[in-house]
Ligand code: SF4
Ligand code: SF4
Ligand code: FES
Ligand code: FES
């Protein structure tokens, strides 16, 4: 994943700070990774490399660890985050087909983020409303009975809302604020 | 140390050094026990391939020979219905996600899986377990060799060679369960890492996953 402008500096500063706050031992690896992820929203490769150097652990082992545990994400959260439930109930009624439809529409795989960082796609296990299966959480909003046709609808809505109206609105608001100040 | 221990394996008395692991004591005396993941120098073996089961008299269940130290007077059987069943299942599990195509494989006739199959009379075929195909990108970025993960049995021999032999720290394992995979940092192609192509890992691979390119 390509870093955006200024991100490199942000990552380096964040890792430096977290490493400064923890003793740099192997036992502290997971807390260190958690803290960095909390600040950056994900664990970029650069952060993993710097942590590896700091804690004197091979970088490939950090990668092994962060791909082992589900709690770590290696891709930045997208502007729109879609989480497809693959809990038992959702799986039974075709949650995997729903996930595939999203993968096709977004042209990314589960766990990935689109190169423009517009979308990220993840799987989750039971979000607690199995009667609505198959369930999808779109930007923290729960959507029920998401068949592949509904996937098209959701994607259309996201495409429209992100495109200009939404962005422009917040953009003008900010401009307005700036003007007032 | 000159001190020796006597162990009985398959009605054969053999001598071993105290602290030796049963697997290596047997192999050194030409008694075959299937194995993929064992590394002689490793103090605490991974025991992950589950192929080296044996029966020890007085121990109720089969144990992995690569992790068990020899003991004076130990009586061992390398075969029993229970052992055979465990080994067969472990072997079939390994094959179930293996890109089984020996004729086109660089390791054909020089492959640990073929040897185990022959020794134990297990067919090198997908039958009881449904094949599970995983697709991987071939990494042929090094000049001399290539890595085809579809034939990797996750034995860890290359990781050991890379770390202890070459001290390059290129290889490791990522993900878990059925997705477990031999990896490099961030899954980068080997040529983009500090691999100097010493090829110790290629020589360590018991199957056709790491292999020399033909020129
Ligand atoms: S690695 Fe061994 S069993 Fe697998 S295809 Fe090659 S020769 Fe056959
Ligand atoms: S590439 Fe070969 S040596 Fe390395 S883990 Fe796979 S099978 Fe074992
Ligand atoms: S299994 Fe999907 S909400 Fe419970
Ligand atoms: S050789 Fe003993 S478990 Fe692999």
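The values are calculated or read from the model by the stated rules, or taken from the named source; none is laboratory data. These figures come from a predicted structure and were not determined experimentally. Note: ideal-geometry Cβ built from the backbone for every residue, glycine included; neighbour counts use all protein chains shown.
Of note:
- Region B:146-156 - residue that is closer than 18 Å to residue B:90 by Cα and part of a helix (DSSP H, G or I) and, of those, farthest from the other protein chains (Cβ to nearest Cβ): B:151
- From the list A:122, A:139, the lone residue that is at positive phi and more than 16 Å from ligand 2 (Cβ to nearest atom) is A:139.
- Output for region B:161-191, where each listed residue is within 22 Å of residue B:42 (Cβ to Cβ), at the interface with chain A (Cβ under 10 Å from one of its Cβ atoms) and in a helix (DSSP H, G or I): B:162, B:163
Yes/no matrix, rows are residues, columns are (1) touching a strand residue (DSSP E or B) at 6+ places or on another chain (Cβ under 9 Å); (2) assigned to a helix (DSSP H, G or I):
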site: A:32; (1), (2): no, yes
site: A:39; (1), (2): no, yes
site: A:42; (1), (2): yes, no
site: A:47; (1), (2): no, yes
site: A:53; (1), (2): no, yes
site: A:64; (1), (2): yes, yes
site: A:76; (1), (2): yes, no
site: A:83; (1), (2): yes, no
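- Flag if residue A:108 is surrounded by 18 or more Cβ atoms within 10 Å (Cβ to Cβ) and within 14 Å of chain B (Cβ to nearest Cβ): no
- Residue among B:62, B:34 that alone is within 16 Å of ligand 1 (Cβ to nearest atom) and touching a helix residue (DSSP H, G or I) at 6+ places or on another chain (Cβ under 8 Å): B:34
- Among the residues of region B:1-23, those identified as in contact (Cβ under 8 Å) with a residue 40 or more places away in the chain and either under 25 Å from residue B:81 (Cα atoms) or within 16 Å of ligand 1 (Cβ to nearest atom) (or both) are B:7, B:8, B:9, B:10, B:21, B:22, B:23.
- Any hit, region A:69-90, residues being in the same structural domain as residue A:152 (by TED's automatic domain parsing), exposed (fewer than 15 other Cβ atoms within 10 Å of the Cβ) and more than 21 Å from the chain's Cα centre (by Cα): yes
- Filtered residues of region B:87-135 (kept if in contact with a strand residue (DSSP E or B) (Cβ under 9 Å, 6 or more places away or on another chain) and in a helix (DSSP H, G or I)): B:87, B:90
- Annotation note: of A:170, A:101, the sole residue that is under 30 Å from residue A:44 (Cβ atoms), at pLDDT 95 or above and assigned to a helix (DSSP H, G or I) is A:101.
- If you go through region B:127-160 and keep only what is near ligand 2 (Cβ under 8 Å from one of its atoms) and within 16 Å of the chain's Cα centre (by Cα), you end up with B:149, B:151, B:152, B:153, B:154, B:155, B:156, B:157, B:158, B:159.
- Summed over region B:125-160, the residues that are surrounded by 14 or more Cβ atoms within 10 Å (Cβ to Cβ) and modelled with pLDDT of 95 or more give a count of 21.
- None of A:123, A:104 is out of contact with any helix residue (DSSP H, G or I) (no Cβ under 8 Å at 6 or more places or on another chain) and more than 30 Å from residue A:53 (Cβ to Cβ) except A:104.
- Hits in region B:192-215 - residues which are over 26 Å from residue B:103 (Cβ atoms), more than 15 Å from ligand 2 (Cβ to nearest atom) and more than 14 Å from chain A (Cβ to nearest Cβ): B:196, B:197
- Checked against the criterion of being away from ligand 4 (no atom under 16 Å from the Cβ) and touching a helix residue (DSSP H, G or I) at 6+ places or on another chain (Cβ under 6 Å), region B:14-25 contains one or more residues that satisfy it.
- Those residues of region A:41-78 which are within 18 Å of residue A:1 (Cα to Cα), touching a helix residue (DSSP H, G or I) at 6+ places or on another chain (Cβ under 6 Å) and more than 12 Å from chain B (Cβ to nearest Cβ), in sequence order: A:50
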